[in-house]
Amino acid sequence: MLNTDLLRKDFPILDRQTAGGARVIYLDSTATSQKPLAVIEAMNEFYRRSNANIHRGVHTLAEEATALYEGAREKIARFIHADSAKEIIYTRNTTESINLVAYTWGRANLEKGDLVILTEMEHHSNLVPWHMLERERGIRLEFIPVTDDGLLDLDAYRALLDQSPKLVSFTHMSNVLGTVNPAAEIISLAHAAGAVTLLDGAQSVPHFSVDVRALDVDFLAFSGHKMCGPTGIGILYGKAALLEAMPPFLGGGDMIKTVHLRSFVPNSLPHKYEAGTPAIAEAIGLGAAVDYLTSIGMDAIAAHEHEITEYALERLEEIPGVTVFGPSAQHKGGVTAFTLEGVHPHDVAQILDGKGIAVRAGHHCAQPLHEKFGITATTRASFYLYNVKEEVDLLVEGLYHVKKVFG
Amino acid sequence: MDDLYREQIIERYKTPLYRGHLDPHDIYFEDDNPLCGDHIEITIRVGEDGVIKEAAFDGKGCAISQASADLLIESIIGKPLEEVKRLNKQDVLDMLGIDLGPVRLKCALLSLKVLKAGVYGLGEASDALVE
């Protein structure tokens, strides 16, 4: 069990009050997580003490900045059990990581008629880059269906694999249903069919241990800001052989070995994909976030979230008029999306905000999934290491208040 | 924050007075708020003197978007189109009697946007209409 009393002190924002005077109850970590002092301080310390551009210049500050930036990369590589830090590409976020694969690997390897398999539960970030390639190249998209209880239909997936897909790109954990997909199985089936695999780890890497070697995944995309790190920094992991073979992404400084007036030679990994001055302080902040999560323990975090989610499902389902979407707690991470009969999710969220409770309302960048369930929007409460059961109780109390307002 | 959900707004949301679809009509327009999937359509009958004789809205969405549509329709019946063209953001906020943050403002102003796009006979609704 996590010592949440102690741990919550690491997050200064959890002490603040909202406009109405209530203490903030933050149930929106799926959108972005809060940041512990260790992360905030690591970034401040960099700007106070070591700020300089990286990979340029031999002065003390430049050396320090480069060591901190590359040190963070090593930490991130260890965190996801990558073979080497050169397989860790800094991007802005999950979206940019997926776009990088679509622009480089996709354009080098996908031709008209080639099949890419996605799922019906994808975030827009793992749909639109492929829609764009569909328009540009005429690739084909097929989707693993979602069952009524919020799981992927693996029989349908096996049938799709007979059509020799080039790529299977899917979310490790749905940001709406909370479904944790059987990634190892999906990946090994894809490989057997000769496909490359991309895993959207935006919701998984922050919440449980993800081991890229055990999964044997080819690409993994995730964001820093959902895992206690800052915004503006994300990661693309790729197997070295794939990254070596792909053409570069953005062109400019740092991604080159040599440049002549009419030609250039790209840099070696990982710098080949990092053009221009990157988010240095943010990368260092993400390194600090990885240290922080590791010190708490990913297994302990996952167990804690599971307990809260189980409790939340139990409490939400006892409220008349509430429908929770997604599978049972056994297949689910710390995300509960629900509707309350007769009240629009925006109104639910707004009234809860009056009690200091931060939840998200809308389609959560997963419009096709909402269409599938015949709804336009849901209210979503999500949990992270700093949430406690008392906050679930306050959420439930808040929902009864919403019902009263709408009489 | 519960001020947003004053009795009038909840009442108008639950039992709107002007929900419907006029057929035939002289003016028709519809639009969505892509952020939350709110949808509003407006139908209007105009007299030869350019005065609005009847008007109705239909749609779905949050209490703010639906209640503001109902109040807006009520306010334009009997008014010349030229006057409706001059309606702005503040007029809607005055009808609702509340202050709104930037996100919810879009909900409140969707119906005005649809109304003005229809009255001006535009191809598409733009946010500039409700500045």
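Computed from the Cβ-Cβ distance with R0 of 30 Å, the FRET efficiency linking residue A:295 to residue A:397 stands at 0.35.
With a 10 Å cut-off around each Cβ of A:17-24, the average count of Cβ atoms from other chains is 1. The mean number of Cβ atoms from other chains found within 10 Å of a Cβ in peptide A:346-356 is 5, as a whole number.
A protection proxy built from the mean count of other Cβ atoms within 10 Å ranks the segments A:311-318, A:200-207, A:391-398, A:90-97, most packed first, as A:200-207, A:90-97, A:391-398, A:311-318. Working note: 222 nm ellipticity from helices only, DSSP H runs with n ≥ 4, each -39,500 (n - 2.57), summed and divided by the residues of chain A, gives -11000 deg cm²/dmol to the nearest 500. The dipole here belongs to the range B:2-120: it is taken about the Cα centre, uses +1 on the Cβ of Lys and Arg and -1 on the Cβ of Asp and Glu, and is about 200 debye. By the Kirkwood approach, averaging reciprocal distances over each pair of separate Cα atoms, the range A:186-246 gets a hydrodynamic radius of 12.4 Å.
Packing-based ranking of A:285-292, A:76-83 yields A:285-292, A:76-83, ordered from highest to lowest mean Cβ neighbour count within 10 Å. Averaged over the residues of B:60-72, the number of partner chain Cβ atoms lying within 10 Å of the residue Cβ comes to 3. Near residue B:105: Cβ cut-off under 14 Å, other residues only, Lys/Arg at +1 and Asp/Glu at -1. The net charge is -2. Once you've got the GNM for chain B with C-alpha springs shorter than 10 Å, pick whichever of B:58, B:49, B:70 has the biggest mean-square fluctuation. The residue that fluctuates most here is B:49. Where both bridge residues fall in the protein assembly as shown, DSSP classifies roughly 70% of the beta bridges as antiparallel. Across the range A:40-295, the relative contact order, built from alpha-carbon pairs under 8 Å that are at least six residues apart, equals 24 percent. The residues packed around residue B:25, meaning those with a beta-carbon under 10 Å from its beta-carbon, carry a net charge of -2 if Lys and Arg are +1 and Asp and Glu are -1. Using Cβ point charges alone (K and R +1, D and E -1), the dipole size of chain A about the Cα centre works out to roughly 1220 debye. Kirkwood hydrodynamic radius computed over the protein assembly as shown comes to 25.5 Å, based on all pairs of distinct alpha carbons. Taking the Cα centre of the range A:1-100 as origin and assigning +1 to Lys and Arg Cβ atoms and -1 to Asp and Glu Cβ atoms, the resulting dipole is close to 220 debye. Peptides A:113-121, A:211-219, ordered by how many other C-beta atoms sit within 10 Å of their residues on average, highest first, read A:113-121, A:211-219.
Ordering A:37, B:46, A:209 by Cα displacement along the dipole of the protein assembly as shown toward the positive end leaves A:37 in first place; charges were set at the Cβ atoms of Lys, Arg (+1) and Asp, Glu (-1). Exposure proxy ranking for A:73, A:140, A:48, A:262, based on other Cβ atoms within 10 angstrom of each Cβ and starting from the fewest, stands as A:262, A:48, A:140, A:73. At a Cα cut-off below 19 Å, give the lysines reachable from residue A:355, other chains included and same-chain residues fewer than 8 away excluded. Leaving aside lysines fewer than 8 places away in the same chain, those within reach of residue A:355 are A:389, A:403, A:404. The residue list A:294, A:306, A:53 was ranked by how far each Cα lies along the charge dipole of chain A toward its positive end, using unit charges on Cβ atoms, and A:53 comes out on top. Electrostatic bookkeeping for residue A:251 treats Lys and Arg as +1 and Asp and Glu as -1; over the other residues with beta carbon under 12 Å from its beta carbon, the sum is -1.
All of the numbers you see were taken from the coordinates with simple rules; none came from a lab. Predicted model only: the values in this text are computed from it and were never measured. So basically every Cβ, Gly included, is an ideal-geometry build from the backbone, and we count neighbours across all protein chains shown.
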